[in-house]
């Protein structure tokens, strides 16, 4: 008798086929109260490292149903973040002129 012959379903369950087989893992995102989704698996996250706070803008990738941080990204110190925020108006104006 072949080993991969399927056994007949003798279940008395009223549930349909959606509950058969292993449960599908849901994508876990790096979202929490200090994280913002930019779309296309890119996130801005406020994080603490060695007692200092950083703004981390990073692309994530999917592995085994979970989103994990990738190499593509930048981690800004608070000083760099403040400087960047001060430039946003100038950057917007340059975009309007060139795009």
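Computed quantities for the displayed model
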read-out	value
In the range 50-83, the residues that are without any contact (Cβ under 8 Å) to a residue 12 or more places away in the chain and under 22 Å from residue 33 (Cβ atoms)	50, 51, 68, 82
Conditions (1) modelled with pLDDT under 60; (2) in a strand (DSSP E or B); number of the one not met by residue 53	(1)
Unmet criterion (only one of (1) surrounded by 13 or more Cβ atoms within 10 Å (Cβ to Cβ); (2) part of a strand (DSSP E or B); (3) modelled with pLDDT of 95 or more) for residue 81	(2)
Among residues of the range 53-78, those that are loosely packed, with under 10 Cβ neighbours inside 10 Å and touching a strand residue (DSSP E or B) at 6+ places or on another chain (Cβ under 7 Å), counted	0
Filtered residue count, the range 47-70, keeping only those that are farther than 12 Å from residue 81 by Cβ and in contact with a helix residue (DSSP H, G or I) (Cβ under 7 Å, 6 or more places away or on another chain)	0
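The values are calculated or read from the model by the stated rules, or taken from the named source; none is laboratory data. If you're wondering where the values come from, they're calculated on a predicted model, not measured in any experiment. For neighbour counting, all protein chains shown are included, and Cβ atoms are generated from backbone atoms with ideal geometry for every residue, glycine included.
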